Each structure stands twice: as structure tokens, then as C-alpha cells.
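Read the structure below first, then the notes.
The values are calculated or read from the model by the stated rules, or taken from the named source; none is laboratory data. Keep in mind the model is a prediction, meaning the values are calculated, not measured. Cβ coordinates were reconstructed from backbone atoms using ideal geometry, including for glycine residues, and neighbour counts include every protein chain displayed.
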Amino acid sequence: MRLAAFLCAALAAPTLALAQQTTPESAPVEPPTILEVPQADAPVIRSAPRAPRRPRPRAEEASPAANLPAAVTEEDIAVTSDYRGFNVTVFGVNPDRLGRGDIVVALRGPKQTVSVRRKMRFLGLWVNGPPVRFTEAPSFLAVVSARPLRDVANNQAIWALGLDAAAAPRLDGPTPPGADPSDYRRAFSRLRRQSGLFVENPRGLQKLESGLFVTHVRIPAYAPIGQYAADVYLFRGGRLISSRSNRVLVSRQGVERTIHDFAVRLPLVYGLATVLLAIAAGWSASVLLRRR
Amino acid sequence: MSIYLPIAEMPVNGLLILLLSGLVGFVSGLTGVGGGFIITPLLLFLGIPPAAAVATQASQIAATSASGLMAQTRRASVDWRMGLLLTIGGVIGSTLGVSLFSSLLAAGQIDIFINLLFVVFLGGIGSLMLYESFTAIRGGAAQARSPLTRASRTIAHRLPFLMRFPRSGLYISVIPPLALGVGVGVLAAIMGIGGAFILAPAMIYLLRMPTNVVVGTMQLQVFVTAAVVTILQASITQKVDILLAALLITGGVVGAQFGARFGARLPAEQLRAVLAVIVLITGMKLLWDMVAPPDELYLITGVL
């Protein structure tokens, strides 16, 4: 419904008026500002972990939202017992009246601390080696654009904005001797891609008339529950022009929520309840067996 | 029928889980071999996280052993004094096991450890079952052996702290039953199994208990240990999924009934041989996975 209303409005009204209409809290028309991206040694993803930490610009503080009107159709996704994942529709308008630049949509799951390990041979068996820890690793990341991301954004921007699963995590703590953290970083990206938790879709963004764009991003059922962010970026000439972040909350509802809250708040009682369930099932089976 | 598991945080096909646990319950009702060590690898294969699979599996074992214990109590084939000693050991062992489980989980080695234990035990049980069913098929040579050796003394008679067990007609040390309980309790917590396949032979050959009280007494220990593991896992790792437990319990209990009823009509020894071969193949596959160079050298662990 929201999308339909948005599309009707967009086709009827001029683009800039629309921007104010859908985002009334935001500042009115401003010329697109160039975001502060550190102009350092033009890092490539591979050498990224060795580069010094630099501030990562957050979308909402870096750029006025009015520059890039965008929204999601569903801000609250309910995980119920028949949950099978959800298609989030992200839509908006390219504020450039000449239609220049490229839109990139990144849907990010809650951040996690993860350990990446390399298997090693021990007494003839393959066991897990010492860990390389990363913080702020996205539990889910989908990056959608209309053409390949490397043609749209330069490496520096991809790195700074965490538009690649290898770029987003931050190295935390010491690394095991002889280990190259960038190998572990690439492995993280590869493993997340294999398990469907890092998705790149260079053709998934649809451009409609009047600078309108729309894309459907699937949150798979096995992606974690928590606070997601649908970040929309406008690039021109490889650099970030403006951005906008929308929140999407994936939370348990109904029975799922009741059970989870029970398990977390009263773990002892929950355990006892499970055992009682087991005894009841065993008792009824025993009674049924005796009758025959 | 897709059901989203609230604790394991993933959707599963409810019918598939019911069918699998029913099938395993059927097989265990048929052959008398517990289902835990088959169900846990199956759950892992379906992609359920090891912590949730092992923690939840304990509740299914509690259900099947509760049902068995009630049946055995009616037949008065439970040695409560021996069962109590085994159970005390089991509670100590499972407490140790759950804390070992969570420290291995934190160290990122839980999958290796569980796999290794399964390789050892699947190999052992598979070989033993295969040997027993072949001797039974060839002409019941095994039946003559156990009553013959019952009179001889074992280490259980020589250790201190002797106690009388009237129901079993034994006068043995309390140390072996306690130690046996502890060992099985640790395995139950780590592997999500009942441990009947270790308890039963140990009670017959080590403690020299008469076979008619072994099953009932064992089920007392298995039930209490599984119940304690369920409660401890729910409190410490918080990985017990009650929805998954309900599916596993329903399938297992119903399947076991059908298995027990059909058991009389089917050639159980041949079935045991087939099961033994399946168990051996599973064990070898797990061993191969640990020995062969892996396709993917890296893995992500410890989201703590």
C-alpha cells in the first residue's frame, strides 16, 4: 500500500516536492553534498586489514536525509511459527533531476562478534586452529545495484561503507603467529556467501520513471533475528554523493516470542517444563502400551 | 509443514522431523538400541546448530526412558538401590559434562570433539552389534555365555565400600556403579545420547547384575540423567528448543510403540545387522571427514 501511494505521488508531483512530503522531518532542498570520504592511500580490499583504522561515516550523520528520499515497505517483520523469510521492498527517488549517478542498496543484519578459524592437521585429524576475532561483522549483508558495484563505487568507498562482507568486520585482538588477517577476512566473506548470508545482486535494482527506483531484498529465514538497516547510497563518478538509512526490525511474535522470552527469563522453569512435557509424553505412551 | 524453531532460530520441516524421529523410535523399539546416537547426527545433518541439537535431544531421551521406566516398575524389575547409585554418578557426570560442553563451545572445538566421540562410539557399537547379531543368526551361541560367567568375581567385588544389593543379589563396592554413572553422565551431556549401549554391557559384565533387572535399573539412571541434562542445558547454554523437543518426543514415543509391537513379527537379528552396518558406515563417513583434506579450510565459530 505504501509503495503504491508513493508511486502515484511520485508520478504526479515533482520530485523535490515529493522528497519533502515523504520525509517531513528532514531539512528542505539542499544541494547534494559530497560526503567526507578519507582520501588516503586508496586502499584495496585485500590490504585493508593492515591499513590504519579510519572513521567509518555513518549514513544518518554524514548526509542530510532529504538528499535521498527512500523508504522500506515493511519496518516491522514478525517472525511467527510459519516464518519462511521475508521480501523487503526498498524504494526511493534519485534526487538528481538529470538521473545521473547510481543507487546502491545495502540491507544489513545485526552486527556480531565472530571468530574465523583455519583448520590445521593435528595427529592426522583436521582440527580447528586458533581464532582470528572480528567485531562488527554483519550477520547478514545484501548489496543490490543496477550494475556491478565495482563500476559504481571505488574501492575506498566500498571499504569505508562496508559494502563487501570482507570489508565490514573489524579486526579485534591479536592474530595467531604467521596468520594473515586478510586471508581470514576473505574466508569470512566466502563462507557467508556460501551460506546465503552475503548476497550481491548487481542487477536487482529496478529504475522506473522520474528517477524512481525499487528493489526487493530477501531476508532468508535462517538469517538472524534483530535490528536490520536498509541503507541506500547515491554514487556518482565512483564517489558517495548522499545516503539514507532506514530501520527494519525482525522480531519474534506470538508463540515464538512467548517461548523465547520464557527460555531466556526463566531458564530453570523452562527446563523443568521441558522435562514435564517429556514425562507426560512418556507416561501417556506407557499407558497406551499397557491397554493393548 | 514449515515450523520456525524459536531457540535454534531456523525453520524446519515439521513433518520431516516427526518422520525421522518416528523412524528412529521404531528402530529402537524394534531392536532395543537407543535412538540418541542416531538422532543427534541426523539433526546436525539437517543444519540444526550442535548446541541446540544436543541440548534438545536430552529431553527426547527423558521421554522414552520415562515411558520404559514406568513399564519396568510395574514388572518390579528395577533395582532401586543400584539405580540410585548410578543416578548419583549420572547427575555428577552430567553436571561436569554440561560445563565441559560450554567451555568447548567457547573454545570453538565442540564440533571436532563431538565428531571424534561419535567416530569412536559408532565404530565400537557398530562392530559389537554386527558381531552379536551374526553369532545370534548362526545359532544362539551367545546365549550360553552370560549366565556361565555370572558367578565369577570382578573388580567390583575387590574394591572397598562394599554394599548389599538384595534385588540384584550382589555384594559389591559402590565405586564401580558411581564411576559408571559419572562416565555415562558426561557422555550424555556432550553427545546428546542416553548411554544405554555403554550401561547395559557394563552392568552385565562388570557389575554382574542379573539381566532381568538391567533394563529397568538402567532406565532409571538414563531418565534422571537426561532430565538433569535438559534442565542444566536450559539454564546454562539456553539452547533447549521446546518446539523441536515436542516434535522429537512425539515421533520417538509413537515410533517406539509401533517398533515394539512389530518387533515380535520381524526378524530382529537381521534388522540389528542392517542397523549395525548403517552405524558403521556413518562412523566411517565421520572419520573420513576428519582425516581427508577439507575443501574449505576456514570456518566461522563462536558467535558469543
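Details
- Complete set of residues in segment A:96-133 that are more than 14 Å from chain B (Cβ to nearest Cβ) and part of a loop (DSSP other than H, G, I, E, B): A:ASP96, A:ARG97, A:LEU98, A:GLY99, A:ARG100, A:GLY101
- Matching residues, segment B:160-194, being on the phi > 0 side of the Ramachandran plot and in contact with a strand residue (DSSP E or B) (Cβ under 8 Å, 6 or more places away or on another chain): B:PHE161
- There is no residue in segment A:278-285 that is in contact with a His (Cβ under 8 Å, 6 or more places away or on another chain) and either assigned by TED's automatic domain parsing to the domain that holds A:VAL144 or crowded, with 20+ Cβ neighbours inside 10 Å (or both).
- Residues in segment A:231-276 that are of a type in the set (A, V, I, L, M, F, W, C) and touching a Ser or Thr at 6+ places or on another chain (Cβ under 7 Å): A:VAL232, A:LEU234, A:VAL255, A:LEU268, A:VAL275.
- For segment A:68-95, filtering for residues that are in contact (Cβ under 8 Å) with a residue 12 or more places away in the chain and not in a strand (DSSP E or B) leaves 12.
- Considering (1) under 22 Å from B:GLY22 (Cα atoms); (2) surrounded by fewer than 24 Cβ atoms within 10 Å (Cβ to Cβ); (3) in contact (Cβ under 8 Å) with a residue 12 or more places away in the chain, the lone condition that B:ALA55 does not fulfil carries the number (2).
- B:LEU18 under 20 Å from the mean Cα position of the chain (by Cα) and under 24 Å from A:THR258 (Cβ atoms): yes
- Of residues in segment B:166-183 being β-branched (Val, Ile, Thr) and closer than 17 Å to B:TRP80 by Cβ, the one surrounded by the fewest Cβ atoms within 10 Å (Cβ to Cβ): B:VAL174
- Here B:ILE281 meets the list (1) closer than 30 Å to B:LEU5 by Cβ; (2) buried (at least 16 other Cβ atoms within 10 Å of the Cβ) almost entirely, failing just condition (2).
- Residue within segment A:256-268 that is within 18 Å of the chain's Cα centre (by Cα) and touching a residue at least 60 places away in the same chain (Cβ under 8 Å) present: no
- Scan segment B:195-235 for residues that are touching a strand residue (DSSP E or B) at 6+ places or on another chain (Cβ under 8 Å) and in contact (Cβ under 8 Å) with a residue 60 or more places away in the chain and the total you get is 2.
- Candidates A:VAL264, A:VAL248: the one that is of a type in the set (Val, Ile, Thr) and assigned by TED's automatic domain parsing to the domain that holds A:ALA106 is A:VAL248.
- Search result, residues across segment A:250-265 that are more than 7 Å from chain B (Cβ to nearest Cβ) and either surrounded by 15 or more Cβ atoms within 10 Å (Cβ to Cβ) or modelled with pLDDT of 95 or more (or both): A:VAL250, A:ARG257, A:PHE262
- Residues of segment A:186-230 satisfying the condition of being assigned to a strand (DSSP E or B) and charged (D, E, K, R): A:GLU200, A:LYS207, A:ARG218
- Restricted to segment A:140-181, and to residues there that are of a type in the set (A, V, I, L, M, F, W, C) and assigned to a loop (DSSP other than H, G, I, E, B), the residue that is surrounded by the fewest Cβ atoms within 10 Å (Cβ to Cβ) is A:ALA179.
- Being buried (at least 16 other Cβ atoms within 10 Å of the Cβ), within 29 Å of A:ALA78 (Cα to Cα) and in contact with an Asp or Glu (Cβ under 9 Å, 6 or more places away or on another chain) is a property that A:PHE198 has.
- Looking across A:TYR233, A:TYR184, A:TYR228, A:TYR270, one residue alone is surrounded by 15 or more Cβ atoms within 10 Å (Cβ to Cβ), under 25 Å from B:GLY47 (Cβ atoms) and more than 14 Å from chain B (Cβ to nearest Cβ). It is A:TYR228.
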